[in-house]
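First up is the structure itself, then whatever we jot down about it.
The values are calculated or read from the model by the stated rules, or taken from the named source; none is laboratory data. A quick note: this is a predicted structure, and the numbers were derived from the prediction, not measured. Cβ coordinates were reconstructed from backbone atoms using ideal geometry, including for glycine residues, and neighbour counts include every protein chain displayed. We work out accessible area using only protein heavy atoms, side chains counted, and drop any ligands, DNA or RNA first. Shrake-Rupley method; radii C 1.70, N 1.55, O 1.52, S 1.80 Å.
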Amino acid sequence: NQSSHSFCLLAFGYLETVNFCLLEVLIIVFLTVLIISGNIIVIFVFHCAPLLNHHTTSYFIQTMAYADLLVGVSCLVPSLSLLHHPLPVEESLTCQVFGFVVSVLKSVSMASLACISIDRYIAITKPLTYNTLVTPWRLRLCIFLIWLYSTLVFLPSFFHWGKPGYHGDVFQWCAESWHTDPYFTLFIVMMLYAPAALIVCFTYFNIFRICQQHTKEINERQARFSSQSGETGEVQACSDKRYAMVLFRITSVFYILWLPYIIYFLLESSTGHSNRFASFLTTWLAISNSFCNCVIYSLSNSVFQRGLKRLSGAMCTSCASQMVAKDPYTVRSKGPLNGFHV
């Protein structure tokens, strides 16, 4: 039914010659390109920079990158719908599957952030027993449980027990026929949003409290002994704090971008009133977080920056090698390849 695909939530500013939802398409396609390209870069950098894998949190960060990459890929579905591309299945099923998939993927990101905060909390509070408590096998098991738990939490939406969110409201059936249920909303809040937020608040509050205490002790020692030994101790003691700050920024941006979505989700479920404009904006603001993680980590982590430069250098060297293979005469005339600098 092509008429259902002409459904536009932001019905203003369209050109009369354009017969599709121009503004929605521009927003979704733009975010899709950013999310997919950004997370592919993150995944490649982690594979090219072995130092990044020395931190156990890299397991969870890579899990988030893969989940965010799949979010970007799944966003191609509403893009095709808004461009009047015929979908292979009926709109109601497409709406349910799309809403379920994106909800599960973002739940994986939320749970991963909570696990990262727990990991850093254990590293700072139990440094001597950390390696025995946090093992690669337990990390892999934890990641498997994150995916399983996220899937089970949103599975009832397939049995018409409620609507997982507003990810599918670019489809007319989602906006008009698929309604939220207060009890299902409360279930999601109690099983996912509230526990994740409480865990993050508790762990990071204690992490920074402990780091402040360490800094205070270092300052006292610095007053007693030489400044050189004090500065060395300060560097060692604050390394965990700097790394925790990077993860705290990622977590803060996540909840800032998701807060409007969660508030609207709760208000719509409790009052029964919906606003298509607010629904679209809060949903895609939250989905944009899938790209923000890449930006924050690349700007905040020095090891990641070195890995990114290494990846860029390898790509430039590969391009130069291909040019050399295609035109060997130019190489002989300009000098050896070793003279090429990235």
Exercise for review: With a cut-off of at least 1 residues that are touching a Leu at 6+ places or on another chain (Cβ under 8 Å), name the helices (runs of 4 or more DSSP H) lying wholly within the range 96-187.
Suggested key: 136-154, 172-177
Practice item. Answer yes or no as to whether LEU141 is free of Cβ contacts under 8 Å to residues at least 12 places away in the same chain and in contact with a helix residue (DSSP H, G or I) (Cβ under 9 Å, 6 or more places away or on another chain). Key: no
Review point. On the given criteria, is PHE60 open to solvent by less than 60 Å² (accessible area, probe 1.4 Å), at pLDDT below 85 and not small (Gly, Ala, Ser)?
Key: no
Check your understanding: Going by the conditions given, is THR271 at pLDDT 75 or above, polar (S, T, N, Q), more than 14 Å from the chain's Cα centre (by Cα) and open to solvent by 30 Å² or more (accessible area, probe 1.4 Å)?
Key -> yes
Point to revise | Residues of the range 80-99 satisfying the condition of being open to solvent by less than 40 Å² (accessible area, probe 1.4 Å) and at pLDDT 70 or above | key: GLU91, SER92, THR94, CYS95, GLN96, PHE98, GLY99
Study note, to complete from the structure: SER177: passes all of (1) at pLDDT 80 or above; (2) open to solvent by less than 80 Å² (accessible area, probe 1.4 Å); (3) not aliphatic (A, V, I, L, M) but (1)
Exercise for review: State which residue is least open to solvent (accessible area, probe 1.4 Å) when the search covers only the range 110-151 and only residues that are hydroxyl-bearing (Ser, Thr, Tyr) and farther than 26 Å from ILE210 by Cβ.
Suggested key: SER150
Point to revise | Residue list for the range 207-221, restricted to those being within 27 Å of MET110 (Cα to Cα) and open to solvent by less than 20 Å² (accessible area, probe 1.4 Å) | key: ILE207, CYS211
